[in-house]
Amino acid sequence: MLNRLLPKRFRRDERGLAAVEFALLAPVMILLYCGMAELTLAMMAERQAAHSASVVGDLVAQTPTMDAIQMTDIFNVGTSIMKPFAAAALSVRVTSVKADAQGVPRVIWSQGNGMGVLTVGAPVQGFPANLLAVGDSVIQADMSYSFTSPIQQVVTIPLSFGQSFYFKPRRSSEVIFH
């Protein structure tokens, strides 16, 4: 019916059609582009945080004895790995876990950087089954990271990531903390 109301010359005139199509599609395409950029940044931040926690746990596992100064230095290494992402959003905890006589994994010592420590002697929750034999020790590195997008067009709320890593002590049967 609208076709009948418009003069013939307007019905056949296609000038500006591309501009109208672009005006309709551009916001959707820009939103998709921003969304992909934000998701890519989030994935990169999660990988960087996981790498940081992995390096921290690996460095602790390479040391037969550990003290608070060495632990602070290792946590600083992990923080510096986070660049160019916000290091303040990274929390890392390193825990020495040893299987008791019944094979239950228990906390020997725990140190955290932005993350609470585990109680000494307590059983470790969520520990993988059959990872430790009786008397075996492992270093557990836990990571928590909260990513806030710098663009905040699609990902408007912070995304939280967490992961745990397990390392066998390399130069001794157990890493001692004093």
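Computed from the coordinates by the stated procedures, all read-outs in this text should not be read as laboratory data. Please read these numbers as outputs of a predicted model, since none were measured by experiment. Ideal geometry is used to build each Cβ from the backbone, glycine not excepted, and the neighbour counts take in all protein chains shown.
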For a footprinting-style exposure proxy, rank 166, 145 by other Cβ within 10 Å, fewest first.
166, 145
Dipole magnitude of the chain, debye to nearest 20 (Cβ charges: Lys/Arg +1, Asp/Glu -1, about Cα centre)
1000
Treating the range 123-168 as a set of equal point scatterers at the Cα positions, no solvent, please give the Debye-formula log₁₀ I(q)/I(0) at q = 0.28 Å⁻¹.
-1.07
Hey, fewest Cβ within 10 Å first, where do 106, 15, 170 land in order?
15, 170, 106
Euclidean distance between Cα centres, the range 101-159 to the range 19-57, Å:
27
Can you give the helix-only mean residue ellipticity at 222 nm for the chain, where every DSSP H stretch with n ≥ 4 adds -39500 (n - 2.57) and the sum goes over all residues, rounded to the nearest 500 deg cm²/dmol?
-13000 deg cm²/dmol
Proportion of all alpha-carbon pairs of the chain beyond 19 Å (%)
66
Give me the extension gain from residue 14 to residue 51: residue separation times 0.36 nm, minus the current Cα-Cα distance, reported in nm with one decimal.
7.8 nm
Taking Cα atoms, the helix 68-81 axis meets the longest principal axis of the chain at an angle in degrees (rounded to 10) of 20
Out of every Cα pair in the range 104-146, what percent are spaced more than 14 Å from each other?
51
Once residue 76 and residue 41 are pulled to full extension, the length gained, defined as 0.36 nm per residue separation minus their Cα-Cα distance, is 10.3 nm
Would you mind checking the tilt of helix 17-61 against the longest principal axis of the Cα atoms of the chain, expressed as 0 to 90 degrees and rounded to 10?
10
Which of 74, 69 has the fewest other C-beta atoms within 10 Å, and how do the rest follow up to the most?
69, 74
